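For reference, the structure discussed in these notes is given below.
The values are calculated or read from the model by the stated rules, or taken from the named source; none is laboratory data. Because the structure is predicted, anything quoted here is derived from the model rather than measured. Ideal geometry is used to build each Cβ from the backbone, glycine not excepted, and the neighbour counts take in all protein chains shown.
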Amino acid sequence: MLLRQWTGRLCRDAMDFLYPIGCLWCGQQLSRADGSAGDLCTKCRITIAPHLGNCCQRCSAAVGPYIKTDEGCVHCQRDRLHFERAISLGSYEGELRRACLRCKQPGQRPLTTALTMELCQREQNLLKDWQIDLVVPVPHHWTDRVRIADHAADAVSDQISRFLMVPVDRHILAKQKRTPKQHELTATQRRNNLRGAFQVNRSARLSGVRVLLTDDVLTTATTANRATRMLLDAGASSVHVAVLARSTGV
């Protein structure tokens, strides 16, 4: 047993020397022995996404201490949310905001994957309790896919799919109408902006399926809500939402 442990350590040290790996955020060299290969160092994990103190049990927005949010918070109480609950790494601000913006750039899938894995590890009990059957990323219009081949929402869905060992389907939900960005609109415009924008594939079989809808950032919740409504109308039994960050900016 001791010989096996010594041999394993020697191999890891040799790999670290011959093929050094660095933190995806700060570039600091990582050791394969700590399980962080091709990932984020401990300091950056804490810096980018410090653990949330208290967040809304519906929309994942940060709230003050001792506030009960079983029925929502100030950010979502007035909205009729169709999804069961949303989870995130934290508020869309500071280093997490910077990380999410970098995830939108070409070649940043490894960073998106690392952040998603952090989310999975933090929320693994909830994710397993939801008994998800299918992971579905929030879709983009085809013209956006021509401009950007690899969207962050796809990387998020792929990693969660691997973690939960359930399938991911990028074709079951489509965005058939190109729309202005939600954060650029007023509250009234947001509600009307996505009307008729999403469509479920006619061949989809969603009866009784528990869906996890994924995206990089949840801002107004209108996008997730519209997509959820379409999935429920197509037969899904429930829809939960998982994102990297929750923004409450107007």
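Points to keep in mind about this one:
- Exactly one residue among ARG45, ARG4, ARG9 is surrounded by 11 or more Cβ atoms within 10 Å (Cβ to Cβ) and either under 22 Å from PRO110 (Cβ atoms) or at pLDDT 50 or above (or both), and that residue is ARG45.
- Scanning segment 209-238 for residues that are assigned to a loop (DSSP other than H, G, I, E, B) and in contact with a helix residue (DSSP H, G or I) (Cβ under 9 Å, 6 or more places away or on another chain) gives VAL209, THR219, THR220, ALA236.
- Any chance CYS100 is out of contact with any Ser or Thr (no Cβ under 8 Å at 6 or more places or on another chain), buried (at least 21 other Cβ atoms within 10 Å of the Cβ) and either over 19 Å from TRP25 (Cα atoms) or among the charged types (D, E, K, R) (or both): no
- Considering segment 84-169, the qualifying helices (runs of 4 or more DSSP H), each wholly inside and each with 2 or more residues that are modelled with pLDDT of 95 or more and in contact with a helix residue (DSSP H, G or I) (Cβ under 6 Å, 6 or more places away or on another chain), run over 94-103, 109-122, 152-164.
- Screening LEU89 on (1) buried (at least 17 other Cβ atoms within 10 Å of the Cβ); (2) farther than 22 Å from LEU115 by Cα; (3) in contact (Cβ under 8 Å) with a residue 40 or more places away in the chain shows it passes everything except condition (2).
- Neighbours by Cβ (under 8 Å, 6+ apart or cross-chain): first from segment 204-219, within 14 Å of PRO139 (Cα to Cα) and touching a residue at least 12 places away in the same chain (Cβ under 8 Å); second of a type in the set (Phe, Trp, Tyr) and part of a strand (DSSP E or B): none
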